[in-house]
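Engineer: Below you'll find the structure I mean.
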Amino acid sequence: MKNHVKKLMAFGLATALSVSMFAGCGSSETASNGKVELVMSVWDSDQEPVMKELCEKYSETHENVVIKTQLSPWSEYWTKLEASATGSAAPDIITMNVLHVEEYADAGILMDLTEAEAKSDLHINDNFPAPLVKGYTVNGKLYGIPKDFDTNAIFYNKELFDAAGVEYPKDGMTFEEFRAKCEELKDKLPEGIYPTAINRNSGQTTYNASIYANGGYVLNEDNTKSGWDDPKTIEGVQPWLDLVLDGLSPTLEQMNDTDPDSMFQGGRLAMYLSGNYMIPSYNKTLEGKFGVAQRPSVNGKFTDIINGLAFSVSANTKHPEEAADFALWLGSKEAQEIQGKSGTVISARNDCQELYLETYPDLNLQIFLDNVKDSELLPHCMVTSELGNVSKDFFDQAWRGEISLTEAGKLAAEAQNAVLDKMNAK
């Protein structure tokens with residue numbers, strides 16, 4: 001991360017991007033009316049309205065503080081954030097995810113919130129799921145206030161199932177039963193419509209959980225070794241890849257052209273495994289036409305992956321006290337209730353999670369809460385992005401059927417281990 005930041009600065013890209021994309025973020029001491037002005041970064045347009053509502057609610061009792069949201073699409077979010085951070089123009093409040101927190105903390109981009117949280121009445125270890133607190137704690141220091149969490153389920157298109165005369169997916173299915181349902185659907189769906197889609201980038205919703213259920217791993221516990229050359233890891237992924245290779249899923253090229261979320265929304269997939277965070281988007285085009293069912297078990301285990309966002313604070317904010325106070329307030333019951341009632345995500349606070357169940361009464365949302373007890377956190381370290389970059393081509397080849405998954409795993413592990421060795425040598 002540090003080396004990558006230096007490279008951006010060397011080519012002048014960081015400064016150019018920070019000026020053009022995040023102009024003014026975190027750079028002005030006060031607004032024109034003399035009030036402290038903070039900027040909060042957002043990437044999800046579905047969540048932006050409730051984020052704005054939170055900003056306004058905080059300002060009602062903190063009249064000297066004005067907070068604005070700044071929306072950047074996911075495809076550009078991290079590039080813009082990194083560039084703005086190197087130019088000391090990062091947003092004051094940063095929406096952060098687990099996969100990036102160690103990188104950004106290591107690069108000095110994020111404020112250590114440990115002391116501020118200890119002095120507050122947030123009681124983070126009592127009020128939030130332990131995996132989320134752990135995920136935003138780096139070397140014993142807290143770098144994010146948990147915002148929300150997501151787990152995964154099977155989303156299915158009722159109209160496609162009805163037209164095909166196939167019974168809807170049920171809770172408690174095994175992976176073998178899920179595969180059988182895909183096969184049953186294949187010849188009964190119109191041309192161009194697929195039973196499911198297994199994107200190479202969808203490990204969080206599909207094969208990562210199966211790796212754990214099969215006794216494999218992506219990274220070992222001390223982040224010194226890749227698990228992609230472990231046979232148990234490959235065995236956990238292969239059944240999902242077989243759905244692609246056997247024509248039960250679109251090809252890699254098709255999914256690169258149109259992402260599976262869009263395919264599902266467009267009625268081109270009968271089933272798709274995804275997280276609860278997609279419900280607002282699916283509801284825009286498929287309201288009343290889709291349902292959810294528990295993800296299939298592997299080896300008798302309903303292991304799932306839990307992921308969650310957090311509110312981090314820029315280490316270079318001109319208003320550290322105000323920014324930290326706002327981040328801590330965002331973890332309060334008052335703020336998390338507002339978020340939970342919006343229906344966009346499941347609030348991270350233990351005492352606010354069930355509010356989500358009331359937001360879409362026709363869907364079995366309890367699945368997503370029940371998943372937590374059997375969930376594993378996404379694997380991550382300080383070089384998560386680089387690990388993905390060095391292994392991408394190998395897994396792309398496997399998804400196209402050009403090399404075996406075993407061969408791809410060995411090549412990926414070799415490349416990732418070199419990155420991990422370099423990281424651990426620092």
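Engineer: Search the stretch 229-246 for residues that are more than 23 Å from Ile193 (Cα to Cα) and open to solvent by less than 20 Å² (accessible area, probe 1.4 Å) and pair each with any residue that is assigned to a helix (DSSP H, G or I) and of a type outside the set (A, V, I, L, M) when their beta-carbon atoms are under 6 Å apart and the residues are at least 6 apart or on different chains.
Structural biologist: Ile234/Thr406; Ile234/Gly409; Gly236/Ser210; Val237/Tyr207
Engineer: Right, next: Looking for whichever is open to solvent by less than 60 Å² (accessible area, probe 1.4 Å), aliphatic (A, V, I, L, M) and either within 19 Å of Asn307 (Cβ to Cβ) or modelled with pLDDT under 95 (or both) here; the options are Ile338, Ile346. Which one fits?
Structural biologist: None of the other options fit; the residue is Ile346.
Engineer: Okay, moving on. How many residues, within the stretch 37-57, are in contact with a Lys or Arg (Cβ under 8 Å, 6 or more places away or on another chain) and not in a strand (DSSP E or B)?
Structural biologist: 1
Engineer: Further question on the same structure: Say we look at the stretch 200-228 and pick out the residues that are farther than 18 Å from Asn299 by Cβ and free of Cβ contacts under 8 Å to residues at least 60 places away in the same chain; which of these is most open to solvent (accessible area, probe 1.4 Å)?
Structural biologist: Out of the qualifying residues, it is Glu221.
Engineer: Please work out which one of (1) in a strand (DSSP E or B); (2) farther than 26 Å from Gly267 by Cβ is the condition Gln353 fails and give its number.
Structural biologist: The single condition Gln353 does not satisfy is (1).
Engineer: So, one more: Select from the stretch 370-390 the residues that are open to solvent by less than 30 Å² (accessible area, probe 1.4 Å) and either touching a Ser or Thr at 6+ places or on another chain (Cβ under 8 Å) or without any contact (Cβ under 8 Å) to a residue 24 or more places away in the chain (or both) and list them in ascending order.
Structural biologist: Once the filter is applied, which keeps residues that are open to solvent by less than 30 Å² (accessible area, probe 1.4 Å) and either touching a Ser or Thr at 6+ places or on another chain (Cβ under 8 Å) or without any contact (Cβ under 8 Å) to a residue 24 or more places away in the chain (or both), the stretch 370-390 yields Asn371, Ser375, Leu387.
Engineer: Output the residues belonging to the stretch 84-127 that are open to solvent by less than 30 Å² (accessible area, probe 1.4 Å), within 12 Å of Val313 (Cα to Cα) and out of contact with any His (no Cβ under 8 Å at 6 or more places or on another chain).
Structural biologist: Across the stretch 84-127, the qualifying residues are Ala85, Ala90, Pro91, Ile93, Ile94, Thr95, Met96, Tyr104, Ala105, Ile109, Leu110, Leu113.
Engineer: Of all the residues that make up the stretch 64-83, how many are more than 18 Å from the chain's Cα centre (by Cα), open to solvent by less than 10 Å² (accessible area, probe 1.4 Å) and modelled with pLDDT of 90 or more?
Structural biologist: Number satisfying all stated conditions: 1.
Engineer: Please tell me if Asn316 is modelled with pLDDT of 95 or more and over 18 Å from Ala153 (Cα atoms).
Structural biologist: In short, no.
Engineer: So, one more: Do you know which residues across the stretch 210-225 are within 21 Å of the chain's Cα centre (by Cα), farther than 15 Å from Ala398 by Cβ and not acidic (Asp, Glu)?
Structural biologist: Within the stretch 210-225, Ser210, Tyr212, Ala213, Tyr217, Val218, Leu219, Asn220, Asn223 qualify.
Engineer: Now a separate question. Could you list, in sequence order, all residues of the stretch 391-426 that are of a type outside the set (Asp, Glu), open to solvent by 40 Å² or more (accessible area, probe 1.4 Å) and more than 19 Å from Gln238 (Cβ to Cβ)?
Structural biologist: Those that are of a type outside the set (Asp, Glu), open to solvent by 40 Å² or more (accessible area, probe 1.4 Å) and more than 19 Å from Gln238 (Cβ to Cβ): Ala418, Lys422, Asn424, Ala425, Lys426.
Engineer: Does at least one position in the stretch 97-117 carry a residue that is at pLDDT below 95 and among the aromatic types (Phe, Trp, Tyr)?
Structural biologist: Looking through the stretch 97-117, at least one residue is at pLDDT below 95 and among the aromatic types (Phe, Trp, Tyr).
Engineer: Now for a different question. Checking the conditions here, which among Gln294, Gln265 is closer than 23 Å to Lys158 by Cβ, open to solvent by 10 Å² or more (accessible area, probe 1.4 Å) and in contact with a strand residue (DSSP E or B) (Cβ under 7 Å, 6 or more places away or on another chain)?
Structural biologist: Only one candidate qualifies: Gln294.
The values are calculated or read from the model by the stated rules, or taken from the named source; none is laboratory data. As the structure is a prediction and not an experimental result, all values here were calculated from the model. Virtual Cβ from ideal backbone geometry, glycine too; neighbours counted across all protein chains shown. These accessible areas exclude ligands, DNA and RNA; they are computed on the full protein's heavy atoms, side chains included. Shrake-Rupley method; radii C 1.70, N 1.55, O 1.52, S 1.80 Å.
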